[in-house]
1. With (1) surrounded by fewer than 16 Cβ atoms within 10 Å (Cβ to Cβ); (2) touching a residue at least 24 places away in the same chain (Cβ under 8 Å); (3) over 28 Å from Gln44 (Cβ atoms) as the list, and Leu124 as the residue in question, which single condition is left unmet?
2. In this structure, does Lys133 turn out to be touching an Asp or Glu at 6+ places or on another chain (Cβ under 6 Å), modelled with pLDDT of 95 or more and of a type in the set (Lys, Arg)?
3. Restricting to the stretch 146-184, name every residue that is in contact with a helix residue (DSSP H, G or I) (Cβ under 7 Å, 6 or more places away or on another chain), within 25 Å of Lys55 (Cβ to Cβ) and of a type outside the set (A, V, I, L, M).
4. Report, by residue number, each residue of the stretch 99-111 that is surrounded by fewer than 22 Cβ atoms within 10 Å (Cβ to Cβ) and either of a type outside the set (A, V, I, L, M) or at pLDDT below 95 (or both).
5. Take the residues in the stretch 160-184 that are closer than 28 Å to Gln78 by Cβ and in contact (Cβ under 8 Å) with a residue 60 or more places away in the chain; name whichever of them is surrounded by the most Cβ atoms within 10 Å (Cβ to Cβ).
6. Which of the residues belonging to the stretch 127-159 are polar (S, T, N, Q) and either closer than 20 Å to Phe30 by Cβ or crowded, with 19+ Cβ neighbours inside 10 Å (or both)?
7. Check the stretch 68-75 and report whether any residue there is under 14 Å from Gly10 (Cα atoms), part of a loop (DSSP other than H, G, I, E, B) and in contact with a Pro (Cβ under 7 Å, 6 or more places away or on another chain).
8. With the requirement that a residue be without any contact (Cβ under 8 Å) to a residue 60 or more places away in the chain, under 18 Å from Asp106 (Cα atoms) and out of contact with any Ser or Thr (no Cβ under 6 Å at 6 or more places or on another chain), what does the stretch 2-47 give you?
Amino acid sequence: MTITPTSIEGLIILTPRIFNDDRGHFFESFNEASFNDAVGYEVQFVQDNQSFSTKGVLRGLHLQKGEHAQAKLVRVTQGEVLDVAVDLRKGSATYGQYQSVLLSADNNQQFFIPRGFAHGFIVLSDTAIFQYKCDNYYNKSAEGGLHYADPALNINWQLSADALNVSDKDKELPFLKDISDLGF
């Protein structure tokens with residue numbers, strides 16, 4: 001597996017070694033020991049989630065606050081998405097900055113997002129299946145997030161605003177300037 005650090009400390013892109021032959025291909029999608037070595041500390045995933053979405057669906061930017069914060073290891077098993085993580089760690093040199101990565105069933109890359117980040121994605125293909133591991137259980141009372149169109153973030157979602165399909169709940173998320181202490 002190839003590990004590629006990003007410009008934001010803690011965010012890494014993982015690219016598997018793919019073994020192809022005339023029957024198809026094989027790759028190891030997760031190995032706990034190799035993964036923990038890559039991130040530099042032990043991460044114990046406790047929950048796996050999956051979503052199916054159509055083109056233009058934008059989910060995010062979501063987070064879990066305080067003791068319920070979650071690290072995520074995300075991947076796409078069908079289709080293509082633009083995945084985005086926004087650094088919200090107080091005192092971080094990259095606070096308020098984001099990193100985006102194109103994840104697809106073709107490139108088989110995974111994106112590790114540690115605790116302290118808001119996370120979201122947009123579907124660029126006709127449909128996509130998005131899977132992710134979390135190191136903490138979901139807690140409804142700890143939900144939080146950032147508005148996907150926050151001008152302070154200026155995220156390029158790669159589709160026009162009228163092509164986006166965003167939930168009413170996500171349209172109500174606050175802007176970066178309006179958030180208070182998130183507990184990380």
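The values are calculated or read from the model by the stated rules, or taken from the named source; none is laboratory data. As the structure is a computational prediction, the values presented were derived from the model and not from experiment. Counting neighbours? That spans all protein chains shown, and the Cβs are built from the backbone with ideal geometry, glycine included.
1. Here Leu124 clears every test but (1).
2. Numbers: touching an Asp or Glu at 6+ places or on another chain (Cβ under 6 Å): yes; modelled with pLDDT of 95 or more: yes; of a type in the set (Lys, Arg): yes.
Yes: the conditions hold for Lys133.
3. Tyr148, Asp150 - these are the residues of the stretch 146-184 that are in contact with a helix residue (DSSP H, G or I) (Cβ under 7 Å, 6 or more places away or on another chain), within 25 Å of Lys55 (Cβ to Cβ) and of a type outside the set (A, V, I, L, M).
4. Step one: of the stretch 99-111, the residues surrounded by fewer than 22 Cβ atoms within 10 Å (Cβ to Cβ) are 99-102, 104-109.
The answer is Gln99, Ser100, Ser104, Asp106, Asn107, Asn108, Gln109.
5. Within the stretch 160-184, the match that is surrounded by the most Cβ atoms within 10 Å (Cβ to Cβ) is Leu173.
6. Residues of the stretch 127-159 that are polar (S, T, N, Q), as a first pass: 127, 131, 136, 139, 141, 154, 156, 158.
Within the stretch 127-159, Gln131, Asn136 qualify.
7. Yes, the stretch 68-75 contains at least one residue that is under 14 Å from Gly10 (Cα atoms), part of a loop (DSSP other than H, G, I, E, B) and in contact with a Pro (Cβ under 7 Å, 6 or more places away or on another chain).
8. Matches in the stretch 2-47: Ile3, Thr4, Arg17, Phe19, Asn20, Asp21, Asp22, Arg23, Gly24, His25, Phe26, Glu28.
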